[in-house]
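Report on one structure; see the data block that follows.
The values are calculated or read from the model by the stated rules, or taken from the named source; none is laboratory data. Computed from a predicted model, the values in this text were never measured in an experiment. So basically every Cβ, Gly included, is an ideal-geometry build from the backbone, and we count neighbours across all protein chains shown. Just so you know, the surface numbers come from the protein's heavy atoms only, side chains and all, with ligands and any DNA or RNA stripped out. Shrake-Rupley method; radii C 1.70, N 1.55, O 1.52, S 1.80 Å.
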Amino acid sequence: MPSLLAQTPKREREAAAPKTRRIPVQGQQLALVVLIVVLAVGFSTQAPGFLSPDSLENVLRSASMFGIVGLGMTIVIIGCGSLGGIDLSVGSMMALGGAIGAGLLGTAFTAANPVKLPVFLALAVALAVTGALGACNGLLVSWLKLAPFAVTLGMLSVARGLTYLVVAFAVGQSATAGVTFSNPVFDWLGLGAFGPIPTVAVVFVVLAVLLAFVLRSTPFGRSLFVLGGNAENARLAGINVRRTIVIVFAISGLLAGLGGLILTGRLSSASPLAATGYELDVIMVAVIGGNSLSGGRGSILGTVLGAVLISEIDTGLDLLNVPSFDQYLVKGTILVVAVVMDKVYQARTNRNLVRTA
Amino acid sequence: MQGITKSFGHIQVLHGVDLSVARGEVLGLLGENGAGKSTLLNILNGVLPRDDGEIVIDGEPVTFDTPKEAQNAGLAFIHQELSLLPYLSVAENIFLNRLPRKNPWLVDWATCNRQAADILERLAVKIDPRTLVGRLGTAEQELIEIAKALSMNARILAMDEPTASLTEAEIERLFALMGSLKADGVSIIYVSHRLHEVAEICDRATILRDGKIVDTVDAKTTNSHTLATMMVGRELSEIFPKTQRERGPETLRVSNLSTAKVKDVSLTAHRGEILGIAGLVGSGRTELARAIFGADPITAGEVLVDGEQVTLDSPGSAIRHGIGLVPEDRKLQGAVLSMSNAHNVTLASLSKVSRWGQLNRGGERQAAKRLVKDLQVSPANIEQETGRLSGGNQQKVVLAKWLFSQSKILIVDEPTRGVDVGARAAIHGLLDDLAGQGTTIIMISSDLPEVIGMSDRIVVMHEGRIAGELARAEFSEEAIVMYASGLEPTKEGSKA
């Protein structure tokens, strides 16, 4: 191979002609689509209101909210899976984001609150704070090599505590109850729509497409898959492992903050108890979507389908008047089944690897 | 042990090996890396099943299916890597799985500690049996391993390089202990790469080469040089594609480099040169490579690339300075097995196939296709997961990664380990071509014919240091083995 070193990548670029674009739908995703359709049919026969516009809008709004936060969880799981990557702090981060956004408006609360920021500035501060706290998670994981489980569990508590402080500051007294308010931008985020499509769904789709592009077509996205598979491998490939981990957790915090702002707008209230336990739903969304907790594998499409499926089940069971504790049973079982399916899939892949190696 | 035969797959690693050890005798077991010593010991110990042959202890044929059965028959095995549990006490480690009981549910700690103390006393070791093993030094841990073996009333003790991490004084103590065990009638099989130790402690020595017994000799009267020759003395049957090259200017200079495992190493490498690095496994070769590649922290010394001092604090910075590493552990460090060949090829140089932060996937495929074709990766499918290729083809993909990133200095660590003959020749050809085109190749290899056949110059490492450097005219397996064992080669030892 005489000319091996002589050729330049520049030439390859020009010679390259993109051919057919395959959409990589895997068996697992196909199974999710089938499950979503089957459940829709099942729910509609049992609860006739399930396919009504109201009900479908409800599914769409809640799928989008959990999905937006789930996108962050997805890149944490794909990119840091080999390190035990998970972000347990997202529920508290949602509450904190919502509380900051609403609290800084001034108009939101009647009590003596000196801070009155324009709404877009308030939103920006909320996102900046949750993003920065997410980056803190990442710094602790990458520099001190702490387990993400422990770090984000700590952050779950810290962010919840901060939420109390923010709400107490905003209403001028210690407040544990939700504080209702009204603001056009929050209303638009949480309740508004473009024609028949809820605003939040549009935001979700835009973010999902953006992240799918990042994962598929940027060096950063590629490095996430390498890092998630094996951190040492990533380091030896020259990837800045620490920086990547910090960015991943920062994005997760930022998206959780955004999800919290949407939730606050939807409820027209910021409560220190908002979004309690939502981290479980968000993890479920990502895992059911086929994102392997062991890292290095997963897709945005899977997360989108996972979000739709979880919200569909929520809404359907509500319509059937299933008590919320029984809903926990159903969702928990589905989560475990999803993880088992992932394990089976992995075992099959590994067997193939051995057989042909 | 008589006529022991073992194959892994269709590769036969032991060919009818006979080994005997008498009561109260220390038998040295010598051989190069990969000669089959560990396999032999693992068969004796019941870790691996044998294909053929028999094991006879005190006149009775025995078969061990598990290490536990070997233990019960009076065999104890002390591995190079100690197998103690750091957060348990000395007594607990000694009686692991066999803790004395008051009744079926409760451990009798008093008896346990007393018995442990008795054994330690027999060994003249002053350690409280209640100490946590993790608090002890390596030498003391080694003694605990021996105490554990004694507590099982071992009659046959196999030790795999027990002195590898001990100081001179600690070795003296270990040898004194071995002497008293010997006097008690314990048989010891002693594996070591340190030839002078074999002369000191062993009665006889059996030399294993390529899975066959070369000879068994009197360890006291046979000199180190003869032993070294017997370990390596094979015909150079392989043809290496070595071409004559002019050595270019210096590209890499390492001065007084130290890391956790590398001590004060200085060397230079030149454009168009293949620099071989020989030495035993664990001599610091891999760690030196990792330090130059920025993968291990450098504690002292400096590295110059093309005459300019560089900071190598991460593999990323090494890659930017044109350094590439094909690591020893291909599966965990070299290639991402779950990714396609195309993605593996561009892994270390994603910026080359992207513009404005976006990957040019078409360009990536184009580049991968060319390299996969040039290196004759089989099957030549860029979408195939690298994990599904054979070892040799995986290695070609890893090499392709550095060809694509156009490394000026390429470090290859055991480039042909676990690779079939055809791929081996292809990799050798490729390395020679690259050197011919001006790349600096640093090749670490335990394979002596390979390192001799391919290199322009060889440095030999021993215990983290450079033990010697050989110019092409001075190359000989004996000289390398002597340096690697911490000895000075004798002049008459050079190759005929």
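Here are the numbers for this structure:
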item	result
Protein-protein interface of the stretch A:226-254, residues with accessible area decrease of at least 20 Å², isolated chain reference, 1.4 Å probe	A:VAL226, A:ASN230, A:GLU232, A:ASN233, A:ARG235, A:LEU236, A:ALA237, A:GLY238
Accessible surface ranking that places the most exposed of B:TRP356, A:TRP143 first, with a 1.4 angstrom probe	B:TRP356, A:TRP143
Exposure ranking of B:HIS193, B:HIS79 by accessible area [1.4 Å probe, largest first]	B:HIS79, B:HIS193
Cβ-derived FRET efficiency at R0 41 Å, B:GLU250 paired with A:ARG216, nearest 0.05	0.40
A:LEU191 - accessible surface, heavy atoms, 1.4 Å probe, Å² rounded to 10	90
Between B and A, accessible area buried - total, square angstrom, nearest 100, 1.4 angstrom probe	3700
Leading residue at positive end of dipole, the stretch B:2-232 (Cβ point charges), from B:VAL133, B:ILE55, B:LEU166	B:VAL133
Solvent-free Debye scattering, log10 I(q)/I(0), computed from the Cα coordinates of chain B at q = 0.10, 0.13 Å⁻¹	-0.88, -1.26
C-alpha long axis of helix A:119-143 to longest principal axis of chain A, angle in °	50
Listing of the stretch B:436-452 residues, each with accessible area lower by at least 20 Å² in the full protein assembly than in the chain alone (probe 1.4 Å)	B:GLN437
Total charge dipole magnitude, chain B, about the Cα centre, Cβ charges on Lys, Arg, Asp, Glu only, Debye to nearest 20	1560
Sparse-neighbourhood loop sites, trypsin sites (Lys or Arg not before Pro) in the stretch A:229-334 - DSSP loop, at most 14 other Cβ within 10 angstrom	none
Range of Cα positions in the stretch A:69-151 per principal axis (Å), largest first	48, 24, 17
Per residue value of the accessible surface for the protein assembly as shown (all protein chains in place, 1.4 Å probe), Å²	43
For q = 0.08, 0.13 Å⁻¹, Debye-computed log10 I/I(0) when each Cα of chain A counts as one equal scatterer	-0.42, -1.04
Derived scalar couplings ³J(HN,Hα) [the stretch A:260-274; Karplus, 6.51 cos²θ - 1.76 cosθ + 1.60; whole Hz; x for Gly, Pro]	x, 5, 5, 4, 4, x, 5, 8, 6, 7, 10, 10, x, 9, 4
Percent carbon-and-sulfur accessible area, chain B, ignoring ligands, DNA and RNA, probe 1.4 Å	50
Net dipole in debye of the stretch B:225-382 [+1 Lys, Arg Cβ; -1 Asp, Glu Cβ; about Cα centre; nearest 20]	680
B:SER354, A:SER52, reordered so the largest accessible area comes first (probe 1.4 Å)	A:SER52, B:SER354
Positive minus negative residues near A:LEU191 (Lys, Arg vs Asp, Glu; Cβ under 15 Å)	-1
Lys, Arg +1 and Asp, Glu -1 on Cβ, resulting dipole of the stretch A:53-346 about Cα centre, debye, nearest 20	920
Fully extended contour minus Cα-Cα distance, from B:ARG135 to B:GLU168, at 0.36 nm per residue	9.8 nm
Measure of compaction for the stretch B:2-232 (Cα Rg per 2.2 N^0.38 Å)	1.04
Subset of B:LYS352/B:LYS373; B:LYS331/B:LYS401; B:LYS102/B:LYS148; B:LYS68/B:LYS220; B:LYS102/B:LYS182; B:LYS242/B:LYS352 violating a 23 Å alpha-carbon distance limit	B:LYS68/B:LYS220; B:LYS102/B:LYS182; B:LYS242/B:LYS352
Net +/- balance of residues flanking B:HIS193 in space, Cβ distance below 11 Å, scoring K and R +1, D and E -1	-3
The protein assembly as shown: antiparallel DSSP beta bridges as a percent of all, rounded to 5	55
Contact order normalised by residue count of chain A, Cα under 8 Å, 6+ apart, percent	31
Residue among B:THR226, B:GLN115, B:VAL198 farthest towards the positive dipole end of the stretch B:2-232, charges placed on Cβ	B:GLN115
Solvent-accessible area, 1.4 Å probe, carbon plus sulfur percent, for chain A	71
log₁₀ of I(q)/I(0) at q = 0.09, 0.11 Å⁻¹ - the protein assembly as shown, Debye sum with one point per alpha carbon	-1.04, -1.25
Cβ-defined net charge surrounding B:GLY272, 15 Å radius [Lys, Arg +1; Asp, Glu -1]	0
Relative contact order computed over the stretch B:310-451 (Cα-Cα under 8 Å; 6+ residues apart), in percent	29
Cα lying deepest toward the dipole's positive end in the stretch A:174-330, options A:LEU320, A:ALA231, A:ALA270, charges on Cβ	A:ALA231
